[in-house]
1. If you scan segment 126-176, which residues turn out to be small (G, A, S) and either surrounded by fewer than 20 Cβ atoms within 10 Å (Cβ to Cβ) or modelled with pLDDT under 95 (or both)?
2. Can you find a residue in segment 91-103 that is surrounded by fewer than 20 Cβ atoms within 10 Å (Cβ to Cβ), β-branched (V, I, T) and within 16 Å of the ligand (Cβ to nearest atom)?
3. Being out of contact with any His (no Cβ under 9 Å at 6 or more places or on another chain), buried (at least 21 other Cβ atoms within 10 Å of the Cβ) and touching a residue at least 40 places away in the same chain (Cβ under 8 Å) is the filter here, so list the residues in segment 1-35 that pass it.
4. Within segment 217-240, does at least one residue satisfy the condition of being under 14 Å from the mean Cα position of the chain (by Cα), within 14 Å of the ligand (Cβ to nearest atom) and within 16 Å of E129 (Cβ to Cβ)?
Amino acid sequence: MRRPFVVGNWKMNGSRERAQALVVGVCSGAFGLPEVDIGLCPPFVYVGDARAAIGDASVLLGGQNCAGVERGAFTGEVSADMLADVGCAFVLVGHSERRTLYGESDDEVARKTELALAAGLVPVVCVGETLVEREAEQTEAVVGRQIDAVMARLDDDGLARIVVAYEPVWAIGTGRTATQAQANAVHAFLRERVAARQPNVAAGLRILYGGSVKAENAALLFSEPDVDGGLVGGASLDAEQFVGICRAAG
Ligand code: PGA
């Protein structure tokens, strides 16, 4: 049985005060949901505050991104080690906004995955196709290429520690959610791709769905056999809504 994982990605939203209130709201909701792993990705500058606000609650903290290099003269970057140092347990790598707006290549995403693992973090590796790619029936080719690039850099132990998030780019922030069948089909494809390399790892691999997940559609999406939780953007900025989504995963 794979343990459900629901991650809130605040992106570049909020304020110090709002971050604090959100963390407190999510922590009180998480109290009644011991069967779900719940994670939050605040903007970097609020991670320390979030860590303090979480206290003993079982909410995990994550970075929205990390550098593709270990350390050094890379102004503005934050390393995986630094995230671990301030109490993060996981980090998103290869979010579609990083790939499209900041030109991150499959190989750079794979390097970040390696560095996250080396830092002791769980990398949540994001993959997904654009609308043009889906309409050209390229979905499997695209997500296959993205996951292959990551697998190529990891040994089986590393592979066993990652989480994958399937986020169709056309569903992110658009209000247009993939149908449960569309989501599950890609999740099953990804699991099979990993199974071709390591069946045991594939069986335990958690694959989250992301793209306009809301409290209203979460239960249906999470009821699919290969959907193990969600990566939630907009709806994670409302504690009640986000906790509702977490509840749907339980
Ligand atoms: P959304 O974002 O839930 O607002 O669509 C998802 C994401 O980008 O992770």
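1. A136, A141, G144, A152, G158, A160, A171, G173, G175
2. Checked segment 91-103: at least one residue is surrounded by fewer than 20 Cβ atoms within 10 Å (Cβ to Cβ), β-branched (V, I, T) and within 16 Å of the ligand (Cβ to nearest atom).
3. P4, F5, V6, V7, G8, W10, L22, V26, A30
4. Yes, segment 217-240 contains at least one residue that is under 14 Å from the mean Cα position of the chain (by Cα), within 14 Å of the ligand (Cβ to nearest atom) and within 16 Å of E129 (Cβ to Cβ).
The values are calculated or read from the model by the stated rules, or taken from the named source; none is laboratory data. Only a predicted model underlies this, so the values are computations on that prediction, with no experimental measurement involved. Every residue, glycine among them, receives a Cβ derived from its backbone with ideal geometry; neighbour counts consider all protein chains shown.
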